[in-house]
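Below: the structure, in C-alpha cells.
The values are calculated or read from the model by the stated rules, or taken from the named source; none is laboratory data. Keep in mind that what you see is a predicted model, and the values were worked out from it rather than measured. Neighbour counts run over all protein chains shown; Cβ positions are idealised from the backbone, glycine included.
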Amino acid sequence: MIVFQKDNLAAVQTSLAETFGDKLLKVESKELYLQLTVDGSEAKAILRHLKNTPTLAFSYFIDITAIDFLKYPERPPERYAVTYVLLSPSLGIKILVKAWVSDQDPRIATVTDLWQGANWTEREAYDLFGIEFTGHPNLKRILMPDDYDGHPLRKDYPLRGRGERGNFPVYHGIPAEKAPPQD
C-alpha cells in the first residue's frame, strides 16, 4: 500500500525548480499532489527527469489526457494542454504535468519510451483531440473509425455531430442459437 506523504511535495518542487528553473511556467502545490505547467517542447525532458531521477522515481504512469481551452473565458497561452498524471511510490505523491500544445501544430513528443502504458492513452488523445504524439510506435485511431473526419472532443466540433452517425457501420450480435459452443 502506498502512503501519501505530503511533506515530500516541497522537496520535489525544490528539486524541479533547481533543475528546470524558468522552464517551469507554473508550479502549484495542491492538497494531495503537485501540478506543473510547462511548454510542450519541454515536457519530455521534465517527464524523463521525473521518472529517471532516483530521488524522485515517478515510475508509475497513471494517465494522459488532453484539454481544449478554445471556449474558456480566460485565454491560456495555447489552445490545447496535454496532461500527464504520475505517481512516485517511494515518495508517496502524485504529480500532474500540464503541457501547452499549439493550435497551429498540435503535436508533442511521445512518452511511450518512458512508460509503455502511455501507448493507448496517447492514441486516445490523438483520436479524440487530434494531438499528434511524435515518435509514437503506432499512432492511429483507437475509438473512431479509421476514415472518420474530425476529432469529436474539440470544442469547435458540433454538439450534434456532422451527420456521420447514420454512416457508421452497424454490427449485429450473433443469435445465441448460432453462436459457437463455449468451453
Subject >> Scope segment 103-135; condition in contact with a Phe, Trp or Tyr (Cβ under 7 Å, 6 or more places away or on another chain) and among the polar types (S, T, N, Q); matching residues >> reply: THR110
Original post:
In segment 71-90, is there at least one residue being more than 30 Å from LYS155 (Cβ to Cβ), assigned to a strand (DSSP E or B), at pLDDT 90 or above and among the polar types (S, T, N, Q)?
Top reply: yes
Original post:
Residues in segment 54-68: is at least one touching a strand residue (DSSP E or B) at 6+ places or on another chain (Cβ under 6 Å), touching a residue at least 12 places away in the same chain (Cβ under 8 Å), closer than 26 Å to MET144 by Cβ and not in a strand (DSSP E or B)?
Top reply: no
Original post:
Restricting the first residue to segment 5-23 and requiring it to be part of a helix (DSSP H, G or I), which pairs with a second residue that is among the basic types (Lys, Arg) and modelled with pLDDT under 90 meet a Cβ separation below 9 Å and a spacing of at least six or different chains?
Top reply: LEU9/LYS30
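Residue-wise test of (1) touching a Gly at 6+ places or on another chain (Cβ under 6 Å); (2) buried (at least 17 other Cβ atoms within 10 Å of the Cβ); (3) modelled with pLDDT of 95 or more.
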residue	(1), (2), (3)
ILE93	no, yes, no
ALA99	yes, yes, yes
VAL111	no, yes, yes
ILE131	no, yes, yes
THR134	no, no, yes
LEU159	no, no, no
ALA176	no, no, no
